[in-house]
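Everything on this sheet refers to the single structure shown next.
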Amino acid sequence: MLLRVGHGLDFHRFVVGRPLILGNVDIPSEVGLDGHSDADVLLHSVMDALLGATGRPDIGQLFPDTDIKYKNADSSRLFAEVWYGLLQEKWSLVNVDITLLADRPKLSPYFLNIKERLAALFSVDISRIGLKATTAEGMGFLGRKEGMVASSVVMIQKLVI
Ligand code: MG
């Protein structure tokens with residue numbers, strides 16, 4: 001069995017007038033995240049972890065924010081493209097572990113919903129999806145509630161004969 005680990009990190013700024021989409025789930029919030037695509041910071045970090053695990057170019061190179069094609073793009077479609085590329089090479093998910101860093105809004109009420117959506121996107125059991133959140137205790141840009149960060153680690157495997 002061949003195992004690979006990948007890590008992904010993403011940042012997006014809060015703005016008024018855009019939705020807050022995390023793991024393809026619409027989160028009720030007075031602020032959303034700014035970005036060229038739908039700014040799904042969580043999925044972006046997971047995609048970069050998958051790409052990193054297999055030595056592929058990162059999402060900034062694959063889906064450039066200068067390309068009009070990705071304007072307001074649904075990140076779950078970009079995720080599907082990345083994951084399909086790995087499936088074609090016979091990779092499967094061992095587990096993914098995600099940490100969201102944000103001083104607003106409170107995210108724990110949406111954990112189950114997000115984990116179910118991620119399990120569906122990966123076509124795996126929900127026990128393979130880890131999700132948690134922490135605050136910056138008022139420090140720095142997170143503490144000033146200017147944006148949020150997502151950090152993800154994935155492990156993938158494939159049988160080698
Ligand atoms: Mg991003």
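The values are calculated or read from the model by the stated rules, or taken from the named source; none is laboratory data. As the structure is a prediction and not an experimental result, all values here were calculated from the model. We place every Cβ from the backbone using ideal geometry, glycine too, and count neighbours over all the protein chains shown.
Output the number of residues of the stretch 53-77 satisfying the condition of being more than 16 Å from G6 (Cβ to Cβ) and either surrounded by 15 or more Cβ atoms within 10 Å (Cβ to Cβ) or not β-branched (V, I, T) (or both). Number satisfying all stated conditions: 13.
Per the conditions (1) out of contact with any Ser or Thr (no Cβ under 7 Å at 6 or more places or on another chain); (2) within 13 Å of the ligand (Cβ to nearest atom); (3) in contact (Cβ under 8 Å) with a residue 24 or more places away in the chain, the sole criterion not satisfied by D58 is (3). Conditions first: (1) near the ligand (Cβ under 10 Å from one of its atoms); (2) out of contact with any helix residue (DSSP H, G or I) (no Cβ under 7 Å at 6 or more places or on another chain). L43 passes all but one, so which condition is the exception? For L43, the exception is condition (2). In the stretch 19-33, is there at least one residue being within 13 Å of the ligand (Cβ to nearest atom) and of a type in the set (D, E)? Scanning the stretch 19-33, I find no residue that is within 13 Å of the ligand (Cβ to nearest atom) and of a type in the set (D, E), so the answer is no. Taken as a whole, the condition of being closer than 28 Å to T134 by Cβ, of a type outside the set (D, E), at pLDDT 95 or above and more than 13 Å from the ligand (Cβ to nearest atom) does not apply to A80. Applying the set (1) of a type outside the set (D, E, K, R); (2) away from the ligand (no atom under 16 Å from the Cβ); (3) closer than 17 Å to L118 by Cα to L50 leaves exactly one unmet item: (2). Taking P64 as the residue in question, decide whether it is more than 21 Å from F122 (Cα to Cα) and either within 14 Å of the ligand (Cβ to nearest atom) or over 14 Å from the mean Cα position of the chain (by Cα) (or both). Yes: the conditions hold for P64.
Residues that are of a type in the set (G, A, S), within 18 Å of V5 (Cβ to Cβ) and surrounded by fewer than 19 Cβ atoms within 10 Å (Cβ to Cβ) do not occur anywhere in the stretch 104-121.
Condition first: polar (S, T, N, Q) and on the phi > 0 side of the Ramachandran plot. Now tell me which residues in the stretch 53-76 satisfy that. Listed by number, the list holds a single entry, N72.
Every condition in (1) surrounded by 14 or more Cβ atoms within 10 Å (Cβ to Cβ); (2) aliphatic (A, V, I, L, M); (3) out of contact with any Ser or Thr (no Cβ under 8 Å at 6 or more places or on another chain) is met by M1 except one, and the failing one is (1). Is it fair to say A39 is under 12 Å from the mean Cα position of the chain (by Cα) and in a loop (DSSP other than H, G, I, E, B)? Yes: the conditions hold for A39. Among the strands (runs of 3 or more DSSP E) confined to the stretch 46-161, the ones with at least 1 residues that are of a type in the set (S, T, Y) and touching a helix residue (DSSP H, G or I) at 6+ places or on another chain (Cβ under 6 Å) are located at 147-158. If you go through the stretch 33-52 one residue at a time, do you hit one that is surrounded by fewer than 16 Cβ atoms within 10 Å (Cβ to Cβ), charged (D, E, K, R) and on the phi < 0 side of the Ramachandran plot? The answer is yes; a qualifying residue exists.
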